[in-house]
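One structure is given here, and the rest of the page talks about it.
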Amino acid sequence: SEVYRAGLSGTRPAVPVDPDALERAARKALPAEAFAYLAGGAGSERTIAANRAAFGRWGIWPRVLSDVAERDLAIELFGRRRPTPFVLSPIGVIELAHRDADLAVGRAAASLGVPYVLSNQASRPMEDVADAMGDGARWFQLYWSASDELNASFLRRAEASGCEAVVVTLDTHLLGWRTRDLDLGFLPFTRGQGIAQYTSDPVFAELVRERVARGAGGGPRPKVTPTLLRSALGIARAGARTPLVDGGVREALRSPLPRAAIETFLDVFAQPALTWGDLARLRDWTSLPVVLKGILHPDDAERAIDHGVDGIVVSNHGGRQVDASVASLAALPAVAARVADRVPIILDSGVRGGADAVTALALGATAVGLGRPYAYGLAVAGEAGVREVIRNHVAEFDLTMALAGHRSVGEIGPETIRSA
Ligand code: FNR
């Protein structure tokens, strides 16, 4: 009712409520490369379309006269009560949407009690985002690096930054075939964007130092500290904001320190040889709950539980990795049947409103992850835009739950929907 009342008093929303209009507004607000990176997917983008189409195969089946005057949206996740079943999925390089980047998202999430998954490819170091969030709930998302020392360092920092869980994303051991970015010749990391967790890390600084020393032909080891790295990258990235035609960016990134940092990042970013056997090492690095993101097959869900994980995220990375992948929502029922409530399931990829969240919960999810919509909100109206996108999802979820005849999230179940 708050959302409607704002309309009554003549206040226009800061961001469009309609998800397609929101995407169009973000497109208008952003340079072509930034929008392509945020909106784009793998190959012919069939997975993005499939993610949406999968929701259309289910219909909510409303029940009447069930006293829904008082409602409770809370859930329990990783031992804590959460005010709603929404979390913010990790989005890297979010400086492409707005200069306040992860800080603005963190503040918006914290103000609404929605957990924010800090991306491994964030534009701001996790310590800065943690400061901005105060005691707001945050988890850290790890891309398993080829350097175990770096993995251990990231997780130490995540614990020190008050992260409540570690989300290990397993679907990006190789970067997907991102058609729009390929056509624009655009990879933000090579411009020093989206590598703030690395350039703020002491272990990463040591790796860069070794690389520079090798390049310098074994002379005295150069001084490389996270502070120095960040300021060198900062200068290079300031150059990156000037038009590419003037060659300023390329010049700046050719200077030795930024170049060494970016090359080191490209070397250590991922570990494509990773197997289930490696997962045990996580427990040497952290005592936080471990969540595996990018699970789509019930056999993988089973193995995840065998390996003692605390939760899984059913996701196809918003269609950015495998073209023609099974839709995330289409994979959910079989995964949920196998998991049988042993661990919580978070569903993301294609959630574009509160009714989608009701559908996902009816099919067995404990919570849903928001992706692109909050990045679009950030692009259109900064922190206030993110807050509004989250509030709109929560408000529509509350309404849909009530109109379906439920008073609380626990009442949403298989009976809530039928195939459309
Ligand atoms: C992502 N996603 C992502 N996932 C992750 O684990 N680490 C990351 O750094 C990123 N980065 C990222 C950047 C951008 C621009 C997008 C759009 C997505 C995937 C994200 O967490 C989530 O799975 C999807 O966004 C969900 O799909 P929808 O809702 O955006 O369609």
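Going by what's in this entry, would F55 be described as within 12 Å of the ligand (Cβ to nearest atom), farther than 19 Å from G194 by Cβ, crowded, with 24+ Cβ neighbours inside 10 Å and modelled with pLDDT of 95 or more? Considered against the rule, which asks whether it is within 12 Å of the ligand (Cβ to nearest atom), farther than 19 Å from G194 by Cβ, crowded, with 24+ Cβ neighbours inside 10 Å and modelled with pLDDT of 95 or more, F55 comes out as no. Here A327, A301, A340 are screened, and the one residue that is surrounded by 16 or more Cβ atoms within 10 Å (Cβ to Cβ) and over 20 Å from A165 (Cα atoms) is A327.
Among residues of the range 24-49 that are away from the ligand (no atom under 11 Å from the Cβ) and part of a helix (DSSP H, G or I), none has a beta-carbon under 6 Å from a residue that is open to solvent by 50 Å² or more (accessible area, probe 1.4 Å) and of a type in the set (D, E) at least six positions away or on a different chain.
Cβ-Cβ distances below 7 Å connect the following pairs, each with a first residue in the range 56-70 that is among the β-branched types (V, I, T), a second residue that is assigned to a strand (DSSP E or B), and a separation of six or more residues or different chains: I60/I417.
Checking the range 101-115 against the condition returns no match, with no residue being touching a residue at least 40 places away in the same chain (Cβ under 8 Å), within 15 Å of the ligand (Cβ to nearest atom) and within 30 Å of A324 (Cβ to Cβ). Taking the criterion of being open to solvent by less than 10 Å² (accessible area, probe 1.4 Å) and either not hydrophobic (A, V, I, L, M, F, W, C) or not in a helix (DSSP H, G or I) (or both), the residues of the range 98-112 that qualify are D102, G106.
Screening the candidates E149, E70 for the property of being more than 22 Å from Y374 (Cβ to Cβ) and not in a helix (DSSP H, G or I) yields one hit, E70. For the residues A357, A384, A379, A375, the requirement of being touching a residue at least 12 places away in the same chain (Cβ under 8 Å), open to solvent by 10 Å² or more (accessible area, probe 1.4 Å) and within 16 Å of the ligand (Cβ to nearest atom) singles out A379.
Being of a type in the set (S, T, N, Q) and within 14 Å of the ligand (Cβ to nearest atom), is that true of even one residue in the range 134-150? Checking the range 134-150: at least one residue is of a type in the set (S, T, N, Q) and within 14 Å of the ligand (Cβ to nearest atom). Taking the range 169-189 as the range and being in contact with a helix residue (DSSP H, G or I) (Cβ under 7 Å, 6 or more places away or on another chain), buried (at least 16 other Cβ atoms within 10 Å of the Cβ) and either assigned to a helix (DSSP H, G or I) or not acidic (D, E) (or both) as the test, the residues that pass are T172, R180, D181, F186, L187, P188, F189.
The values are calculated or read from the model by the stated rules, or taken from the named source; none is laboratory data. A quick note: this is a predicted structure, and the numbers were derived from the prediction, not measured. Counting neighbours? That spans all protein chains shown, and the Cβs are built from the backbone with ideal geometry, glycine included. Note: areas computed on protein heavy atoms with side chains; ligands, DNA, RNA excluded. Shrake-Rupley method; radii C 1.70, N 1.55, O 1.52, S 1.80 Å.
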